[in-house]
1. Taking all protein chains in place and a 1.4 Å probe, what share, in percent, of the accessible surface of the chain do carbon and sulfur account for?
2. If packing is taken as the mean number of other Cβ atoms within 10 Å per residue, what is the order of 341-353, 317-329, 259-271, highest first?
3. Sort all Cα-Cα distances of the stretch 121-363 into consecutive 10 angstrom bins from zero, then give the percent of pairs in each bin up to the one containing the longest distance.
4. Taking the mean number of other Cβ atoms within 10 Å as a proxy for protection, how do you rank 30-40, 282-292 from highest to lowest?
5. Given all pairs of different Cα atoms, what value in angstroms does the Kirkwood hydrodynamic radius of the stretch 56-203 take?
6. Tell me which residues come under 5 Å, amide H to amide H, from residue 211 once H is placed; ignore anything under 5 positions away on its chain.
7. Which ³J(HN,Hα) values, rounded to whole Hz and listed in residue order, are derived for the stretch 205-211 from phi using the Karplus coefficients 6.51, -1.76 and 1.60 in 6.51 cos²θ - 1.76 cosθ + 1.60 with θ = phi - 60°, glycine and proline given as x?
8. Just need the relative contact order of the chain here, percent rounded to a whole number, with Cα pairs under 8 Å and 6+ apart.
Amino acid sequence: MTTATALRQQQTEFDAGKAQAFAGKLLGALNNSALILMTSIGHRSGLFDALAGVSPCTAVELAAEADLAERYVREWLAVMTTSGVVDYDPKRGTYLLPAEHAAFLTRAGAPNNIAVSAQMVGVASAVEDEILARFKDGKGLHYHHYGRFHEVMGEHSAQAVAMNLIPHILPLVEGSIGLLQKGIDVIDVGCGAGDALLLLAQQFPKSRFTGIDLCDDAFEVAAETAVRKGLTNLVFKEQDVSTVRSLGAFDLVLAFDAVHDQKDPQAMLTTVRHSLREGGVFLMADIDGSSKLENNISHPLGAYLYMMSTMHCTPVSLAQGGAGLGTMWGVELASEMLGRAGFGKVAMTRLPQNPFDAYFVARP
Ligand SMILES: C[S@@+](CC[C@H](N)C(=O)[O-])C[C@H]1O[C@@H](n2cnc3c(N)ncnc32)[C@H](O)[C@@H]1O
């Protein structure tokens, strides 16, 4: 078939209804992206928290409550109104944030505050020019390129990990609470902002906790907090896990969303295996997706997770000379790689409290 014939055929088969529906979908996406950017602003400025406290209120009243400039607050409220987040009463000039919406937008709504994750879109957008250049040269970007990444990741984990840790996550490892009460050695690999460890060190004073991370700025605040609170059972160390074959001898190794973006995830899993004492266990939380793109087509967070993979998780691994496994390495490959690292018994669980992750309890 000639190119001209193919083109003609394509034109006659052009489905105008399908095109119209797609244009509508894209325009909806444009609107939703605006909402997410303004959701991040609403979270960081404290506007959602203030609005939940005083609504229904006018823009002037909200601006006074949040101690912000009224002109900007009014414009932000217009976005929230047209997005269906707040109800606007034109007669009174008041805005209402329904309790059902506040539950997912305010700090009081933690661990379900989705506005926390909205900030990641801003973090990713800030490196758009650099990533565009990486599309050409195939190289990566280092953590220090990502501005507020550690801060936002820490905020996400403070609710997704720390708030769920004792009631929901640790019970996945049978008997772990009792062992922590008696006293064991625990390490959190790629600990990031360290909130999980701060909580554990306070809750289980007879156990000893270590947090390691490539970036010391990630755990700086937590390390200061540990000293201030006199937590002598908690240390944070800057360490590149890819440079060692063992991290020491531990009864429990934790890794929360810290395997897929490593330089060499397979080597890291083997290092974890080498760091376990007899009877020790590895508790790993990582992104809940499939290793096959076709299985992720209806994933509720598919586009968001592949976007984070393109903008952050893949480039930080590539920048370390790594594999660039990607955020959506998938639970199939994760199980396979745990097996290759010498974990003979692996159980995977999902928790309704955290839609982002799957949990793996792995023993040699
Ligand atoms: C997605 S963040 C997760 C942080 C933390 N576990 C949490 O739940 O918030 C991944 C972490 O792994 C750390 N990391 C990446 N490569 C590393 C390496 N080679 N050695 C040690 N840590 C590394 C990063 O600095 C980052 O803090």
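The values are calculated or read from the model by the stated rules, or taken from the named source; none is laboratory data. All values reported here derive from a predicted model rather than from experimental measurement. Cβ sites come from the backbone with ideal geometry, for glycine too, and all protein chains shown count toward neighbours. Each accessible area value is taken on the protein alone, full model and side chains, heavy atoms only, with ligands, DNA and RNA left out. Shrake-Rupley method; radii C 1.70, N 1.55, O 1.52, S 1.80 Å.
1. In the chain, the share of accessible area belonging to carbon and sulfur is 57 percent.
2. Peptide ranking by packing, descending: 259-271, 317-329, 341-353.
3. 7, 33, 39, 17, 3, 0
4. 282-292, 30-40
5. Result for the stretch 56-203, one decimal place: 19.0 Å.
6. Long-range HN contacts for residue 211: 188, 235, 236, 237.
7. Running phi through 6.51 cos²θ - 1.76 cosθ + 1.60 with θ = phi - 60° gives x, 7, 9, 10, 10, 10, x Hz.
8. 12 percent
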